[in-house]
Each structure stands twice: as structure tokens, then as C-alpha cells.
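Encoded as C-alpha cells, the structure appears first; notes follow it.
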Amino acid sequence: MANGKILTADQEMQLRQPIDDYVGKIQKKIDGLRVDGTDRVVSLQNTIDNTKRDRTLTKGEKENRISALKAEVNKAKAVEEKNKGEISGLIADAEAYLKAHYNKDYYQAVKASCEAEKVVAKEKYSKKLSELEKEHKQTMSGLSDHQEIKDEKYVYRNRQFDAKMDLQKDLQQIKDRRHAAYTYKYHLIDMLRMSRFTFAESQAQKWENYRYTFNRRNFLLQNGLYIAIIIIFIALCIITPMVKGSPLLTYNNVLNILQQASPRMFLALGVAALILLAGTDLSIGRMVGMGMTTATIIMHQGINTGGVFGHIFDFTGVPVVGRIILALAACIILCTFFTTIAGFFTAKFKMHPFISTMANMLVIFGLVTYATKGVSFGAIEPTIPNMIIPKLNGFPTIILWAVAAVIIVWFIWNKTTFGKNLYAVGGNPEAASVSGISVFAVTVGAFVMAGILYGFGSWLECLRMFGSGSAAYGQGWEMDAIAACVVGGVSFTGGIGKISGVVVGVFIFTALTYSLTILGIDTNLQFVFSGIIILVAVMLDCLKYVQKK
């Protein structure tokens, strides 16, 4: 019977007592050797730090005291060095004993006891369910009134739920007991070595803590979508060679995916901050079209064939470097101008970003289409892309621009006051306002930052595509950018998200689109895939939010 393996609390303590006694004696000796050495050094260093911060002392008094304390520190370090060898020997003795006896004499017995306790707890639960079912059937046989039957069913379900809660409580206590037995060894090592662990020991503790805190439901909520996408991608990798006769994961294909993802990374990083504020931006695609058109006109090869409001521009007299800088500046200024307008209306009048950015989308598309008659402006100077985003031994350096953008935005989000305020306003704007944060400034700042990133992204896309700017370019890109953020874990509830998630989301969507294109899947069906992914991502985000609440 499993009961024979189960240890009582007293029996468990008896198994551990020899370990505590042996290691405890060694620990006592080590503590004695550390009193005038290591402990004294730590205490004196703290005193020195406090003296440096003491404003009641003059500069001369501080220097005298610190000088005297440093002399004491040197004496203590000499004692520490003298006892170092003996302490190391004692630690080695204790660790050798733990290695020889802890698992064999204590932990394995506790682990076996816990496994037996699990069996007993589940048997107890099954027995309880059987008793409840029997009682329920007996009670139901004597009832005829509809309301009484309904009440009895309700009571029966509650009793089943209580029994399940009791089982989960018992299983958690068993889990706690095993975990405590496992970690006690590292507690002893911690005392011996003063919190110094080897890499292997640190990893073992991390793995144990992960196992201890693991929850299947939470794991699937956090990673279910990624797992599903990975399975889909693996399936595509298997199917593609069969259908097309060539593998999907080649070096060139990977580089092409990264190259296509680079301009989109700027767009996703821009809208991510707005989603972090529980907002969005529907005008991204039209921003790209405006930026592409502007950049193409300025960097056009020769005199422009199309006009803007009937005027034909000719930038051929401007040096190439000047045209590159002017195109970038124009893209950033135009995109930032419109995002600032949307940000102002959103922050000032509490307008939902859906409305303010939708208005931007319509205005931008209307203006650019009317001004250019909807024509495409052809190619840019062929030397320009090779200057800004050359390929080095086949490697597209446009990827490095995206890496730089990720690093800069990560720094802004995580290491600046603005970034911290961004999370605060996104999580709870009322609380942020009460704590002295300007919600208006943070909101407008997020839109301005988005505009700068959109400008950079559209400029890079122009270089990547060698021009061909038109008002229609970028249609639907806002969905890709928003979807990448949502898939990457930036929550529409606000205040939740990481730059790493945005990066992963962009790569996932770009890789999926590229794979489906190579496979020959119709573009319209690709929208279906994207829509399903977005729906599932938001659903999981909502479930996580409900669980948190």
C-alpha cells in the first residue's frame, strides 16, 4: 500500500537531522572564523559608506574616520586571508557530505513520500466523488418538485467543486513539501558560501523554480499562439519542398525575410507605444504611401515625370547626399506632423485614437492622391540604395538599421523617464495623473515618436524598393504592424508589452507571409490566415486580462 512510503513531518525531520547536525557543526566553525574576517570587512565597508553619506561631518572629519576605518578593513582582510584556506576546507567537507547523503538519505525518501501522497489524495478524491454521487442519487429519488430537484443539482455541483478544491489544496501542499525538501540543500550551500553558487547550481535552482511555479493554463495562454504558429511554420517547411521542389529555410530566404521585415519593424515599434497606451493607429499604411511618394520625388532618377498639384519637381541639381538627407527629413516631418495632430486630439479631447487616426488616414490618402493624381513616380537614383543599404557579401545592411531602431526604442522604453511614464499612463492614466505625470505630454510624445519611426520606415522602404512611390503604396500595412504587436504580447488593455515581443511579432508575420507567397497561396487567403492569427492573439490577450482581474 502507498501509505507505507508516506513520511510524517516528524519522520522527515528525523531523516534530515543527521544532515543538519553535521553541516551545522561545520557552519558554526565557519561563522567563528568569519567573525573577525569576512563579517568584519562587510561591517566596516557599510560603516565607510554611511560615513561618506553623513552630512553632519566636515570633510576633514570624514577623511579621518574613513582613513581609520580603512586601516581596520585591511586588518580584517588579513584575518580573512589567513582563515581562507581553513574555511575552504570546511566548506568542501560539508559539500562532500551533502553530495554523499542529501539525496540518498533524505530527498529521495521525501520525493517518494510525496508521490505516494499524491496517489492517496487522488484516491480520496475519487472516493469522495463516489459518495457524493451516491448521496445525490438517493436524494433525487425522493424528490418530485421541479425547484427542489434544481436546488439539489446546484448543491451537488457545489459539493463536487469543493471536493476538487480540497484535492488541489492537498496536491499543492504535497508540491510545497517536495519543493522545500529540494531547495533546503541550496539553503545550506548558501549559508556555507555566502550566496555564491556555481553556474550549474544556479541553473538547477531556476529549473526547479520553473517546475514549481509551472501552470499549464497560464503556459498555454502565454505561449499557445507561438506554439501554433511554429507548428504551422514547420508544416510549411515540410510541404514547400514537396510542392516547389526546394526547401523553405535557405540562407537566402532567411535574409529575404529579414530584409522585408526591417522597414516594417519601424512601423511596428511606432504603433507599439500607442497600443501600450491602449490606443492604435489606422493611418500607418497611408503614412507609408505619403513617405514613399515624398522620398521618391526627392531622390528620383532625373526630372520627375509626375507632378504635385501640377508642379514638376527637379532635384537633380542637389548633391546625392543632400537629396538623401532631404528625403529622410521630409518623410519624418510629414509623418510627425500628422501623428502630432492625431496625438493632440487624442490627448486634449480624450478622443479615441481609432477616430483621430482614421481621420488622418482619410486626410492623408485624399491629399496625396489628389496632389499626385494617384500616379507612381518611378525609380530613384540607383546609386542611393547602394550608399545607404548596401549588400556586403550578400548580407543586406538594411537589417542593421532595424537592429539600431530596436536598440534605441528599447532604451527609450526601459531606461528613460518617458518610457516609465508610458507604461504608467498605459496601465492607469488616472493614477499616473494623480502621481504628477502629464498624460497629455506622454500621449503626444508617443504619437511624435511613432511619426519619426514611420518616417524612417517609409524612407527605408523607398530605398529597398528603389522608389516606385505612390499614394496607394502601403495599403493594409497598418494591420500587419498592429497584428505584429498583438502577437508579440503588447496588450490592447494598456501598460503591458515588451520590445522583444514586437520584434518576434514582426518576424512571425513577415516569415508567415513570405512562406505562403513562396508556396503560391493566393494573397486573399493570406489575409484569412492573418485575420485568424489576430483574432486568436486578441482572444488570448483578453483571457489573460480576465484572469488577471
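Each value in this text was obtained by applying a stated rule to the coordinates, not by laboratory testing. Owing to the predicted nature of the structure, the values given are computational and were not obtained by experimental measurement. Positions of Cβ are backbone-derived with ideal geometry, glycine not excepted, and every protein chain shown enters the neighbour counts.
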* Asked: How do the peptides 441-447, 362-368, 63-69 rank, highest first, by the average count of neighbouring beta carbon atoms within 10 Å per residue?
  -> 441-447, 362-368, 63-69
* Dimensions (Å) - segment 286-439, Cα atoms, principal axes, largest first -> 57, 42, 23
* **Volume per residue that the Cα convex hull of segment 2-214 spans, once the total is divided by residue count, Å³** => 194
* Please state the Cα pair-distance histogram of segment 400-549 with 5 angstrom bins from zero: what percent is in each bin? -> 2, 8, 14, 19, 19, 17, 11, 6, 3, 1, 0
* **Calculated P(r) of the chain - Cα pairs past 38 Å, %** => 56
* Asked: On a 0 to 90 degree scale, rounded to 10, what angle separates helix 477-487 from the longest Cα axis of the chain?
  -> 0
* Structure fact -> Relative contact order in percent for segment 199-349 (Cα pairs under 8 Å, 6+ apart) equals 13
* What are the semi-axes of the equivalent ellipsoid of segment 480-549, taken as the square roots of 5 times the eigenvalues of the Cα gyration tensor, listed largest first and rounded to whole Å? -> 25, 13, 7
* To do: Give the peptides 334-345, 248-259 in descending order of average Cβ contacts within 10 Å, highest first.
  => 334-345, 248-259
* Degrees, to the nearest 10: 320-348 long Cα axis against longest axis of the chain -> 70
* Structure fact -> Across all Cα atoms of segment 19-58, Rg and the largest Cα-Cα distance (Dmax), in Å, are 16.2, 53
* MET351, MET287, MET387, MET265 arranged by Cβ crowding within 10 Å, fewest neighbours leading -> MET387, MET351, MET265, MET287
* Asked: When all alpha-carbon pairs of segment 188-305 are counted, what percent fall beyond 23 Å?
  -> 68
* **Gyration tensor over alpha-carbon atoms, segment 138-192, equivalent ellipsoid semi-axes in Å** => 49, 8, 4
* Round to a whole angstrom and tell me the spacing of the C-alpha centers of segment 295-352 and segment 50-128. => 63
* Please quote Rg/Rh for segment 272-344 to two decimal places, taking the Kirkwood radius as Rh and restricting both calculations to Cα atoms. => 1.08
* To do: Please list the equivalent ellipsoid semi-axes of segment 91-196, computed as the square roots of five times the alpha-carbon gyration tensor eigenvalues, in descending order and whole angstrom.
  => 50, 14, 4
* Using alpha-carbon coordinates, inclination of helix 216-244 to the longest axis of the chain, degrees -> 50
